[in-house]
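The values are calculated or read from the model by the stated rules, or taken from the named source; none is laboratory data. All figures in this text were calculated on a predicted structure; none of them were measured in a lab. Here the Cβ positions follow ideal geometry from the backbone for every residue, glycine too, while neighbour counts run over all protein chains shown. The area values use the complete protein model at the heavy-atom level, side chains included, leaving out ligands, DNA and RNA. Shrake-Rupley method; radii C 1.70, N 1.55, O 1.52, S 1.80 Å.
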Amino acid sequence: NAGVTQTPKFRVLKTGQSMTLLCAQDMNHEYMYWYRQDPGMGLRLIHYSVGEGTTAKGEVPDGYNVSRLKKQNFLLGLESAAPSQTSVYFCASSYSTYTNYGYTFGSGTRLTVV
Amino acid sequence: SQQGEEDPQALSIQEGENATMNCSYKTSINNLQWYRQNSGRGLVHLILIRSNEREKHSGRLRVTLDTSKKSSSLLITASRAADTASYFCATATGYQLIWGAGTKLIIKP
């Protein structure tokens, strides 16, 4: 039972480059989320999706785009990477919109922008 | 914006002792959840307590919730080296979880 799988695990980008982070879940969860985690801070929500074909902005959406073409996949894109986007990115999924269940997290992608 | 604030920021105890972490929040909630994060790993859901519950147990974990004080505590009994991790509380308000900055717990052998 894989749960939530994130690829890649590590990446170094040059300023201005683009990349896509992939999140895949095999639990048939409707809801998926992208977070970033910076030292000394809690998780900050970038974008989320409440179902296939839907996306919504979270707390810190600027500089990121997302797509949910298939229920099991949630992609996070950086069109023009900036050093401020150096962070650890986590994807999560859950059953319920009303957060009555815990989230299942992936193991993270450590991104460095130089 | 962070709603949950954990206290203390860091805690170091001897193996076998109990560890208590606290979480305070600002607005009304549907539930409050605790997660563990081992170094370099993703977060793992530990326990969820609903707003109409006051106490919940899961193995060596005990969580309390006081909605009048807008606070929660996580007690880990008989700590083990494997409990070394960061612990986060997250408050559920509608569609989202709002996270605190975490408590870093170190268990000394």
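Quarter the surface of the alpha carbon convex hull of the protein assembly as shown and you get the mean projected area, 11.9 square nanometres. Cross-link reach is defined here as a Cα-Cα straight distance under 13 Å, omitting same-chain residues fewer than 8 places apart; for B:LYS108 the aspartates and glutamates meeting it are B:GLU15, B:GLU17, B:ASP83. Across chain B, Cα-Cα pairs more than 16 Å apart make up 54 percent of the total.
At the residue level, A:THR54 shows approximately 50 square angstrom of accessible surface with a 1.4 angstrom probe and all protein chains present. Straight-line reach from A:LYS14: taking Cα to Cα under 29 Å and skipping same-chain neighbours fewer than 8 places apart, the lysines in range are A:LYS57. Around the amide H of A:HIS47, modelled in the peptide plane, lie the amide H atoms of A:TRP34, A:GLY58, all under 5 Å away and 5 or more residues distant in sequence or on another chain. Springs between Cα atoms under 10 Å define the GNM used for chain B, and in it the highest mean-square fluctuation of B:ALA81, B:ALA92, B:ALA19 occurs at B:ALA81. Its Cα gyration tensor gives chain A an equivalent ellipsoid. The semi-axes, each the square root of 5 times an eigenvalue, are 22, 14, 13 Å from largest down. Count Lys and Arg as plus one, Asp and Glu as minus one, and take only other residues whose Cβ is under 13 Å from that of A:PRO61; the net charge is then 0.
Identify all lysines with a Cα-Cα distance to B:LYS70 below 26 Å; exclude those on the same chain that are fewer than 8 residues away in sequence. Output for B:LYS70: B:LYS26, B:LYS56, B:LYS104.
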